Structures are given as C-alpha cells and as structure tokens.
Amino acid sequence: MVDVQDLTGRIAVVTGASRGIGEASARALDAAGARVVLIGRSVGDLDRVASGMQNQPIVLPADLSARGAGTTTAQAVLDLVEGVDILVNNAGIPMRRTPSQLTEDEFDEVFAINVRSLLMLTVGLSDSMIERGGGSVVNVSSVAGINGPVGRVAYAGTKGAVDAMTRALAADWGPSGIRVNSVAPGLIATAIWEESRQNVPGLIEDLQDGIALKRWGVGEDVADVVVFFASDASRYVTGETLVVDGGMARVGTSKVKLTELDD
Ligand code: NAD
C-alpha cells in the first residue's frame, strides 16, 4: 500500500521554525521523510531544532520583518537547495491592542510579517514549485481571522488576509499544480501565551472552558495537520482553511443546556 503521507525526497521550507508550531511542523515534516529548510531569527534555536532531525536539515537565519525580506529569503533558499516542494508559512507575531490603542506603526509591523513577507516569500518560491511539477503551500492563519476576537483587530486582519490570499493563490496556481491551504489554530500553548498563562489567574481554565475538547492545543496538534496538507493525502484539496482548535471558533460550548429549556 502507498503511504500518501510519505514525504521522502521532498524539500520543505518552514518559517518561524525555531520554536512553537513552526518547530513542531519542521520536526513532523522531517519525520515524514522531507528535507527541511528551517527559517527563523535565532540561529541557536534553529540549530537546536535541526540537531534532532534526520534528513539533512538546513538552517537559514532570516528576519522577515523588513520590506524585501520575503523575496531575498526566497532567493537564499534557492541558493541552498535544488528546488522546493512544500512551503509552510508559519512565522508570525501577535498584536494585542484595542482599536484605540493601536498605532499605525504597529499596524504596519504586524502586516509586514504576517502578510507581506508571507506573500512575497511564497511568490519567490512558486516558480521553483512549478518547475518541479507542483507543490503545496500551507499558511498558518488563526481562528482570530474567523471569530472576531476582542482587542486584536490588526492581528485578526492579518489572519483574515492570510485566509483570503490562500484562496486567491489556490485559484492562480491550481492549473500549475500548486495547492494552497491554510491551518487556523485556536489556543496553542506556545511561547506567545507563556507569560499570560503564568500570570493571569484563571486564564488557562477560563479559556479551556470554551473549547469542546476541554484542553489547550500543543504544537504537534497543528503540525500533524500541516503534514496532511503538505502531503498527497490532501491531493484534491486546495483553497481551504482547516480550523485546528479542539472545537472553539465554530462549535458551541454554552453551558446552558438547551434540552432543559422550555421551547
Ligand atoms: P511563537 O512565537 O512560538 O513562534 C513564532 C515563530 O515566528 C518564531 O519562530 C519566531 O522566531 C518567528 N518569527 C516571528 N517574527 C519573525 C520575523 N520577523 N522573522 C522571522 N521569523 C519570525 O508562536 P507560535 O504560537 O508557534 O505561532 C506560530 C504561528 O501560529 C504564528 O503565525 C501565529 O500567529 C499562529 N497562531 C498561533 C496561535 C497560538 O495560540 N499559539 C493561535 C493561532 C495562530
């Protein structure tokens, strides 16, 4: 039987691979057989992740915040490998600001990393994928782009943009064999939540209560879905967003038992 999740011989690029969801995705792609190019800002962390991987991983330090960074990083990737089959656009920053707190500089900052560089890196690697007969782009968006979170208007805007670009690129590149999908995580206990989880009393339990599966996610919960989209298991899926949130954004968790109400 053919293993449709086997990625042996494929070359994958993962941004933000130094920790969290990116680290877990890089490890999962490597475990599935892919050779992974790890992109991030901290060489020490990227080296640590690479040292646990088996298929000759490549570490490529890059900061994706500046104008032009997506394009130059794509070129740097193509200088290192003969081509790319899989791109996981995971690097991103949060922006917790109410509408009145948010400055224009903060708006530009979060859109530069979460949207502009993501698109420019993807465009920069697309010809290589087409030359190799197609490929798979997996964008990491967020339930924040779907469910209207409080106090995160700019961040939500970036993630909604990622999902919209996912569908548009799927249309542009479908005829060339490139599939483009996104994964929208919910509450994943990574470094971006560490301080709040430690310092805000009751936060872990309160938020958990709104999740149907009654637990926060971990990076591996998202990484396994990334591998699904990267692999031939999803060969007839493109332009989709898959919510990975244990049942939160689109699943009712109200404590009111409708069965006990009079109709
Ligand atoms: P994280 O902060 O642990 O990891 C983010 C990664 O992106 C890091 O490797 C970081 O170095 C990299 N990065 C940030 N800015 C960069 C820049 N300028 N240049 C290059 N790399 C940069 O966060 P995470 O929780 O693993 O988040 C990963 C992705 O998942 C992000 O896009 C985030 O928005 C999204 N997400 C996370 C959650 C969650 O609850 N953790 C929920 C929904 C979506």
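Being touching a Ser or Thr at 6+ places or on another chain (Cβ under 9 Å), touching a residue at least 12 places away in the same chain (Cβ under 8 Å), part of a loop (DSSP other than H, G, I, E, B) and of a type outside the set (Gly, Ala, Ser) narrows it down to one of Ile146, Ile211, so name that one.
From the options Ile146, Ile211, the qualifying one is Ile211.
Which one of Val2, Val14, Val37 is within 19 Å of Ile113 (Cα to Cα), outside any helix (DSSP H, G or I) and in contact with an Asp or Glu (Cβ under 9 Å, 6 or more places away or on another chain)?
Val14
What about Ala191, is it aliphatic (A, V, I, L, M), closer than 16 Å to Ala91 by Cα and surrounded by fewer than 20 Cβ atoms within 10 Å (Cβ to Cβ)?
Details: aliphatic (A, V, I, L, M): yes; closer than 16 Å to Ala91 by Cα: yes; surrounded by fewer than 20 Cβ atoms within 10 Å (Cβ to Cβ): yes.
Considered against the rule, which asks whether it is aliphatic (A, V, I, L, M), closer than 16 Å to Ala91 by Cα and surrounded by fewer than 20 Cβ atoms within 10 Å (Cβ to Cβ), Ala191 comes out as yes.
Given the conditions (1) surrounded by fewer than 20 Cβ atoms within 10 Å (Cβ to Cβ); (2) closer than 24 Å to Leu29 by Cβ; (3) at pLDDT 95 or above, report the number of the one that Gln208 does not fulfil.
Condition (2) is where Gln208 drops out.
Return the only residue of Val88, Val110 being within 19 Å of Arg10 (Cβ to Cβ), at pLDDT 95 or above and either in a helix (DSSP H, G or I) or within 13 Å of the ligand (Cβ to nearest atom) (or both). Give the derivation first.
Details: Val110 fails: within 19 Å of Arg10 (Cβ to Cβ).
Unique residue meeting the criteria: Val88.
Within the bounds of segment 80-88, is there any residue that is over 19 Å from Leu46 (Cα atoms) and among the acidic types (Asp, Glu)?
Yes, that holds for at least one residue.
Quick check on this structure: which one of Leu78, Leu29 is of a type outside the set (S, T, N, Q), touching a strand residue (DSSP E or B) at 6+ places or on another chain (Cβ under 7 Å) and either part of a helix (DSSP H, G or I) or without any contact (Cβ under 8 Å) to a residue 12 or more places away in the chain (or both)? Write out each step before concluding.
Details: Leu78 fails: touching a strand residue (DSSP E or B) at 6+ places or on another chain (Cβ under 7 Å).
Being of a type outside the set (S, T, N, Q), touching a strand residue (DSSP E or B) at 6+ places or on another chain (Cβ under 7 Å) and either part of a helix (DSSP H, G or I) or without any contact (Cβ under 8 Å) to a residue 12 or more places away in the chain (or both) holds for just one of Leu78, Leu29, which is Leu29.
Restricting to segment 189-218, and then to whatever is of a type in the set (Val, Ile, Thr) and touching a helix residue (DSSP H, G or I) at 6+ places or on another chain (Cβ under 6 Å), can you tell me which residue is nearest to Gly20 (Cα to Cα)?
Here is the first cut: in segment 189-218, the ones of a type in the set (Val, Ile, Thr) are 190, 192, 200, 204, 211, 218.
Adding the requirement that they be touching a helix residue (DSSP H, G or I) at 6+ places or on another chain (Cβ under 6 Å) leaves 190, 204.
Details: Thr190: 5, Ile204: 18 Å.
Among those residues, the one meeting the criterion is Thr190.
Give the residue that is nearest to the chain's Cα centre (by Cα), with candidates limited to residues of segment 154-182 that are crowded, with 18+ Cβ neighbours inside 10 Å and outside any helix (DSSP H, G or I).
Filtering first and then ranking leaves Ser182.
Which of the residues spanning segment 223-252 are closer than 21 Å to Gly148 by Cα and of a type in the set (A, V, I, L, M)?
Leu242, Val243, Val244, Met248, Ala249, Val251, listed by residue number.
Could you figure out which of (1) touching a Phe, Trp or Tyr at 6+ places or on another chain (Cβ under 7 Å); (2) assigned to a helix (DSSP H, G or I) isn't true of Met95?
Only one criterion in (1) touching a Phe, Trp or Tyr at 6+ places or on another chain (Cβ under 7 Å); (2) assigned to a helix (DSSP H, G or I) is unmet by Met95, namely (2).
Determine which single condition Asn55 fails, assuming it passes every other condition in (1) more than 15 Å from the ligand (Cβ to nearest atom); (2) within 13 Å of Asn89 (Cα to Cα).
(2)
So, Ile58, is that one over 19 Å from the mean Cα position of the chain (by Cα), modelled with pLDDT of 95 or more, crowded, with 16+ Cβ neighbours inside 10 Å and closer than 25 Å to Asp6 by Cβ or not?
Details: over 19 Å from the mean Cα position of the chain (by Cα): yes; modelled with pLDDT of 95 or more: yes; crowded, with 16+ Cβ neighbours inside 10 Å: yes; closer than 25 Å to Asp6 by Cβ: yes.
When the stated conditions are applied, Ile58 passes them.
The values are calculated or read from the model by the stated rules, or taken from the named source; none is laboratory data. Computed from a predicted model, the values in this text were never measured in an experiment. Cβ coordinates were reconstructed from backbone atoms using ideal geometry, including for glycine residues, and neighbour counts include every protein chain displayed.
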